[in-house]
1. On average, how much accessible surface per residue is there in segment A:37-152, in Å², for a 1.4 Å probe, leaving out ligands, DNA and RNA?
2. Answer rounded, prolate or oblate for the protein assembly as shown, using the Cα gyration tensor with square roots of eigenvalues a ≥ b ≥ c: rounded when a/c is under 1.5, else prolate when a/b is larger than b/c, else oblate.
3. May I ask you to evaluate 6.51 cos²θ - 1.76 cosθ + 1.60, the Karplus curve with θ = phi - 60°, for each residue of segment A:78-83 and list the ³J(HN,Hα) values in order in whole Hz, giving x for glycine and proline?
4. Using only C-alpha positions, report the orientation-averaged shadow area of the convex hull of segment B:109-153, nm², one decimal.
5. So what does the Cα-only Debye profile of segment B:27-152 read at q = 0.10, 0.18 Å⁻¹, as log10 I(q)/I(0), no solvent term?
6. Distance cut-off 24 Å, Cα to Cα: go down the list A:152/B:50; A:50/A:84; B:66/B:152 and report the pairs above it.
7. Using only protein heavy atoms and a 1.4 Å probe, how much accessible area in total is buried between A and B, to the nearest 100 Å²?
8. Quick one: Cα centre-to-centre distance for segment A:117-155 and segment B:9-44, in angstrom?
Protein chains: 2
Amino acid sequence: MNATPRWLTSEQKAAWDSFIRMHEKLMGRLTRQVRADSHMSAADYIVLAKLTEAGGGRIRFLDLAKLVEWEKSRMSHQVGRMAKRGLVAREECPEDGRGAFIVATPAGYQAIEEAAPVHVEHVRRLFIDALTQEELDTLARISDRVIAHMEKQPD
Amino acid sequence: MNATPRWLTSEQKAAWDSFIRMHEKLMGRLTRQVRADSHMSAADYIVLAKLTEAGGGRIRFLDLAKLVEWEKSRMSHQVGRMAKRGLVAREECPEDGRGAFIVATPAGYQAIEEAAPVHVEHVRRLFIDALTQEELDTLARISDRVIAHMEKQPD
DNA sequence: CCAGGATAGATGAGCTGTCAACAATTTCGT
DNA sequence: ACGAAATTGTTGACAGCTCATCTATCCTGG
């Protein structure tokens with residue numbers, strides 16, 4: 001119908017809108033619940049989760065930023081705040097003088113170990129339980145494909 | 001296997017992690033592109049998009065907030081900033097003395113009409129083109145189901 | 001071996017979001 | 001009809017994010 005500014009089809013737009021809306025609603029609830037259940041923000045939680053999932057609880061600064069898809073400046077401020085509260089620490093990197101490892105402190109481990117079970121329960125209750133395993137697999141495939149596709153695209 | 005703190009299965013966790021990562025990466029790119037292409041933030045964009053999609057470019061304040069799944073305080077600040085720049089205006093509501101309509105101004109229409117085509121192009125290039133129509137339909141169905149499921153859940 | 005560029009990360013200013021408290025209606029129970 | 005409770009939206013303080021800039025280290029070509 002419309003030649004010049006190729007709009008999305010109504011199916012495409014519906015999919016896009018629903019996807020955005022679902023994510024917004026879901027994250028809204030989960031972040032509020034993390035704050036209510038623990039004394040952490042969602043950002044604190046995911047940083048500690050990634051750190052403690054990794055071997056030794058240590059990840060290079062930029063690798064950590066890439067894992068969660070944040071800009072380095074955001075991660076730097078976040079790590080600074082978490083370090084001030086004693087949840088993580090910076091360690092210098094032997095093989096690269098500029099580099100830094102971020103490590104979870106014992107207090108960090110304790111915080112995530114307390115927060116994780118109830119958070120997982122919320123994720124299950126609000127998200128996982130709404131879907132079949134097949135749908136989850138499909139979602140994983142879709143997500144991985146979009147990620148791979150973006151990594152090939154410029155910008 | 002593990003009795004007390006029911007963790008997610010590895011498939012469930014993989015789906016969850018991929019989903020989060022994909023959204024973060026995608027939104028990171030899109031928000032940077034909106035800012036680069038127009039003189040608006042992603043928040044400005046979506047508010048104007050919802051307003052101009054609606055009949056008359058007018059939506060009740062809280063309906064608008066619900067449409068994009070924001071807290072009312074966030075919307076209030078956002079509308080305040082946009083009103084200061086002349087993109088939207090507040091109108092009082094005849095049938096409810098507390099209420100307010102938010103309306104897109106001519107400048108708001110102009111801004112979104114300039115920004116929309118290139119934004120849609122980015123959405124298509126980064127997201128839509130990575131998937132088949134069938135996958136998009138599945139994603140829409142999944143999203144709608146999760147939304148419906150959450151609306152039944154407490155909290 | 002050294003000059004220029006690339007990479008790792010920190011920092012500060014300014015904008016944006018969150019939380020709690022508030023004012024102004026409207027609605028509801030009795 | 002009247003007081004309590006709920007709804008609509010605003011506000012201010014503070015926390016968090018973004019962008020540009022900066023330092024320090026590392027790599028690379030000549």
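The values are calculated or read from the model by the stated rules, or taken from the named source; none is laboratory data. Everything numeric here is computed off the predicted structure, so don't read it as measured data. For neighbour counting, all protein chains shown are included, and Cβ atoms are generated from backbone atoms with ideal geometry for every residue, glycine included. Areas reflect the complete protein model, heavy atoms only, side chains present, ligands, DNA and RNA absent. Shrake-Rupley method; radii C 1.70, N 1.55, O 1.52, S 1.80 Å.
1. 51 Å²
2. Details: a/c = 1.58, a/b = 1.55, b/c = 1.02.
Note, shape of the protein assembly as shown comes out prolate.
3. Result, rounded to whole Hz: 4, 4, x, 5, 5, 5.
4. Working: hull surface 18.2 nm².
Computing the convex hull of the Cα atoms and averaging its projections yields 4.5 nm².
5. After summing over all Cα pairs, the log10 values are -0.38, -1.07.
6. Table pairs above 24 Å Cα-Cα are A:152/B:50.
7. Chains A and B together bury approximately 6600 Å².
8. If we compute the Cα centre of each part, the gap is 13 Å.
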